[in-house]
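The values are calculated or read from the model by the stated rules, or taken from the named source; none is laboratory data. None of the values given here were measured: they were computed from a predicted structure. All Cβ positions, glycine included, derive from the backbone under ideal geometry; neighbour counts span all protein chains shown.
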Amino acid sequence: MEKMPKWADVVLIPLISLILAAAISALVILGIGEDPVAAVKLMVKGSLGSTYGWGYTLYYATNFMFTGLAVAVAFHASMFNIGGEGQAMLGGLGVALVCLFVPWPHWSVAILGAIAASAVFGAAWAAIPAYLQARRGSHIVITTIMFNFIAAALLNYVLVNLLRPAGSMDPATAKFPAATNLPTLHELLAPLGISFSKSAPANVSLIIAVLACVAVWALIWRTRLGFELRAFGKSESGARYAGISPFKITMLAMLISGGLAGMMAINNVMGEAERLVLNAVEGAGFIGIAVSLMGRNHPFGVFLAAILFGFLYQGGAELALWTNIPRELIVVIQALVILFTGALDNMVRMPLERLFLALRRKEA
Amino acid sequence: MTAPALELKGISKAFGPVQANKDISIAVQPGTIHGIIGENGAGKSTLMSILYGFYKADAGEIFIKGEKTAIPDSQAAIAAGIGMVFQHFKLVENFTVLENIILGAEDGRLLRPSLSKARKVLRQLEQEYELHVDPDEIIENLSVGHQQRVEILKALYRQADILILDEPTGVLTPAEADQLFRILDRLREEGKTIILITHKLREIMEITNTVSVMRRGQMTATVKTADTTPEQLAELMVGRKVLLQVEKAPAQPGKTVLEVENLKVTDAKGVARLKGVSLDIRAGEILGIAGVAGNGQSELLEVLGGMIPGDGVIRLNGAEIPLSGQGANGKARRDIGIAHVPEDRQRDGLIMDFHAWENVAFGYHHDPAYQKNALFMDNAALREDTARKMEKFDVRPPDPWLAAKNFSGGNQQKVVVAREIERNPDLLLVGQPTRGVDIGAIEFIHKQIIALRDQGKAILLVSVELDEIMSLSDRIAVMFDGQIMGERLPDQTNAQELGLLMAGMANDGGAA
């Protein structure tokens, strides 16, 4: 017997967690002498009040969809991939290489090459921890997090010593050729007669991210591989009984996970910066963990949670820009959301379960 | 009449929507053995946990020697003279018997006085109850039967007058069980009160004075053992008439299906678990493997099922098949017609969070019938197949969308058995087919296994329930310490002889 209806698990718990996080955030804002209502208004206006705001919100959301999906896929196989950050960095390197060194005729072809390169680079970066886990039992949490640092160092070396244009003081690649520049939402929506802010970075990658959500859903719940992945994630000894190879599943789950994290680079590197800079990922790899947690590791949940975190990111930036609320407070608010939706999940869940049980007993 | 040693009045306990105990009242007379029998999940363990202070009852009262007693924790239970021997012993393996006995009952900061006092008390208890154990032996060197004695001594050392034993014979050989019953008999003579929790009707009939039957959280009857029969008790437990005897026609063995030669398995710690097992099974025959749990039967099933690597030769229908580690695994076994009902359905046989229909595909998810195309599985076809199998095997409720964890033990096992038997395998490996399964489902599962045999399939049956082995098998092989001690025909042997073999007493070299 389920303890409570599915809708309560999927909708009610995240909603209550969010409200709690918002309430405590409001107290913190009050505590530093600012007006929480005005702050919320500003956040909503700055992130959702204009196509410019939406453009940024969706741009961030695109990043988080990729990294959130990456965490979700690994999680279904019972692995905690904390290496999204490093995998996305390497994905960026893949994108930079194909954009700089392949003479693409048009962005539509270039994006296919970039997707492939970013996925391969991200997957390759995840492959090493996956192999170490599958063959040597080195815990994936430890190795993936260490690989984030190695990725940062590697990128530093490559940008400074190999890809930096001669004479530049900036540890970044040259601008990508114009033929690889992705159309923004402004360009995509203009033919439809919808005017969208010209300067917002949201671009065609958003569509790829949404397609990735659908593809991951189909992979997890409609394919044999997804079946094996979930079976392995729920019971390793059961998988052994069924003849599912732990090595194969560990490798494939992490390759797919790393590939998804890497694909984030088509948005931030190819779509927005149009060159590869240091720290291009800006923590999106870690936000992906929260997004996946909040989205209950379901692609649709990841989609919604990514948009929420996009809103927090953009709204937070606006808040820092227009008020005396320091930038750090935004991090506090984001942390509270993560804390309540992720770590303190049971705090909301258990009383709610008890409530539903009591209600049911009354009916019976 | 003196006051009952223990009396429960109107005990109720609910876990969420599940009413585990409902208005339970019993009175246990001093100096008697009172049996509590019921199927898994009937509420026996909950009731005893309330008595021992692990759970707090929602309602009801406990009287000990006529006095109302509150038992908020196990300390209070011990103080009230209640001792508990758990199914899984609570002993520190690398401590001596003496150290285990004083653990938690030390007299002061220094151990030595407690130890020497305990040694004296132990000697007394030994004489009084004929409970012989070497006080200086390390627990892990003791046999399971002796470990159980230590548990009983622990309770007696704490001056328990009421002793509760939870499924005490589950881990014992028949001979050890007999010894235990002699000890219990002696304790009863000395005026102790014993509550024996079991699901084995034979034990109830053998030793108890009175018996209470539990079903679905309620006490359905309390009767004098002398006035009842196993059939009546079974009916009270299940709520309908059940067939205790398995009915089967004589086997008609055909050609040899499985041949195993000198099969060896070494576990991850380097301990030899199978030490050269050879056996064969013919078509239309059930070979039962008897043995006390942990003597290599699990490894035999797992290596044959492709789950663990091993050494030796396995031939199926005359053709040698690779062992796991040489590229074989559970899937490769299924592909050549070996089906496997694993010993632990919750750990191996099912994914507890998966829907029933996903579990019906589990292990067979490569089956072309379950694929829509090269990319996607045909979940709708799979659900139809599941609904069909659930109906045929009387799985209740017949809902393919229900998660495995939400079925009862018996119905979970039916899902596994349906999945494996419906594949029409040449060889069926079955481990503990009825462990934790209610009597009604046991009857059904036994029938299915025999029906498969009658279709000319070979079956390897592993069970720690000797009754099950004796009633189902066409031949019985006894395992002890990773070896086959001997083979017997069920109608030419008895529990005593098998029990000796299970304890490693007689080795007559194998062939029957």
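Couple of notes before you dig in:
- Test: residue in the stretch A:232-242 that is under 24 Å from A:ILE16 (Cα atoms), hydrophobic (A, V, I, L, M, F, W, C) and in contact with a helix residue (DSSP H, G or I) (Cβ under 6 Å, 6 or more places away or on another chain): no
- Residue match in the stretch B:267-274 (condition: touching a residue at least 24 places away in the same chain (Cβ under 8 Å), of a type in the set (Asp, Glu) and surrounded by fewer than 16 Cβ atoms within 10 Å (Cβ to Cβ)): yes
- Some residue of the stretch B:98-108 being in a helix (DSSP H, G or I), of a type in the set (Gly, Ala, Ser) and surrounded by fewer than 18 Cβ atoms within 10 Å (Cβ to Cβ): no
- Residue among A:PHE64, A:PHE75 that is part of a helix (DSSP H, G or I) and within 14 Å of chain B (Cβ to nearest Cβ): A:PHE75
- The one condition from (1) of a type outside the set (Lys, Arg); (2) within 14 Å of chain A (Cβ to nearest Cβ); (3) buried (at least 22 other Cβ atoms within 10 Å of the Cβ); (4) part of a loop (DSSP other than H, G, I, E, B) that B:LEU301 does not meet is (4).
- Test set (1) modelled with pLDDT under 90; (2) within 27 Å of B:ILE450 (Cα to Cα); (3) not assigned by TED's automatic domain parsing to the domain that holds B:GLN147 - B:GLY270 fails condition number: (2)
- Total residues in the stretch B:318-333, condition facing chain A (nearest Cβ under 8 Å), surrounded by 21 or more Cβ atoms within 10 Å (Cβ to Cβ) and small (Gly, Ala, Ser): 1
- Out of B:THR169, B:THR69, one residue alone is out of contact with any Ser or Thr (no Cβ under 9 Å at 6 or more places or on another chain), among the hydroxyl-bearing types (Ser, Thr, Tyr) and within 21 Å of B:ILE195 (Cα to Cα). It is B:THR69.
- Residue match in the stretch B:334-354 (condition: more than 8 Å from every other protein chain (Cβ to nearest Cβ) and of a type in the set (Phe, Trp, Tyr)): no
- Failed criterion for B:VAL313 (all others in (1) outside any strand (DSSP E or B); (2) farther than 22 Å from A:LEU229 by Cα hold): (1)
Yes/no matrix, rows are residues, columns are (1) within 14 Å of chain B (Cβ to nearest Cβ); (2) within 26 Å of A:ILE220 (Cβ to Cβ); (3) surrounded by fewer than 24 Cβ atoms within 10 Å (Cβ to Cβ):
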| site | (1), (2), (3) |
| --- | --- |
| A:GLY271 | no, no, no |
| A:ASN279 | no, no, yes |
| A:GLU282 | no, no, yes |
| A:VAL291 | no, yes, no |
| A:LEU319 | no, no, no |
| A:PHE356 | yes, no, yes |
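- Of the residues A:ALA231, A:ALA239, A:ALA202, A:ALA190, the single one that is among the aliphatic types (A, V, I, L, M), more than 14 Å from chain B (Cβ to nearest Cβ) and surrounded by 15 or more Cβ atoms within 10 Å (Cβ to Cβ) is A:ALA202.
- Set side by side, the residues B:ILE289, B:ILE281, B:ILE338, B:ILE314 differ, and just one is surrounded by 15 or more Cβ atoms within 10 Å (Cβ to Cβ), under 30 Å from B:PRO397 (Cα atoms), of a type in the set (A, V, I, L, M) and touching a residue at least 40 places away in the same chain (Cβ under 8 Å), which is B:ILE338.
- Any hit, the stretch B:63-78, residues being within 14 Å of chain A (Cβ to nearest Cβ) and either touching a residue at least 12 places away in the same chain (Cβ under 8 Å) or hydrophobic (A, V, I, L, M, F, W, C) (or both): no
- Residues of the stretch B:193-224 satisfying the condition of being assigned to a loop (DSSP other than H, G, I, E, B) and at pLDDT 90 or above: B:THR208, B:ASN209
- When the stretch A:145-172 is filtered for residues that are within 24 Å of the chain's Cα centre (by Cα) and farther than 17 Å from A:GLU85 by Cβ, only A:ALA172 remains.
- Taken over the stretch B:454-472, residues that are surrounded by 24 or more Cβ atoms within 10 Å (Cβ to Cβ) and within 17 Å of B:GLU422 (Cα to Cα) amount to 4.
- Selection from the stretch B:134-160 of residues that are surrounded by 20 or more Cβ atoms within 10 Å (Cβ to Cβ) and in a loop (DSSP other than H, G, I, E, B): B:ALA160
- Matching residues, the stretch B:173-192, being assigned to a helix (DSSP H, G or I) and more than 23 Å from B:ASN295 (Cβ to Cβ): B:ARG182, B:ILE183, B:LEU184, B:ASP185, B:ARG186, B:LEU187, B:ARG188, B:GLU189
- Candidate set: the stretch B:436-453, residues that are part of a loop (DSSP other than H, G, I, E, B) and crowded, with 19+ Cβ neighbours inside 10 Å; chosen: the one farthest from the chain's Cα centre (by Cα): B:ASP438
- The residues of the stretch B:418-440 that are in contact with a strand residue (DSSP E or B) (Cβ under 8 Å, 6 or more places away or on another chain) and polar (S, T, N, Q) amount to a single one, B:GLN432.
- The numbered conditions (1) surrounded by 22 or more Cβ atoms within 10 Å (Cβ to Cβ); (2) outside any helix (DSSP H, G or I) are all true for B:MET390 except (2).
- A count restricted to the stretch B:368-383 and to residues that are facing chain A (nearest Cβ under 10 Å) and not aliphatic (A, V, I, L, M) stands at 6.
- Total residues in the stretch B:19-54, condition surrounded by fewer than 21 Cβ atoms within 10 Å (Cβ to Cβ) and in contact with a Gly (Cβ under 8 Å, 6 or more places away or on another chain): 8
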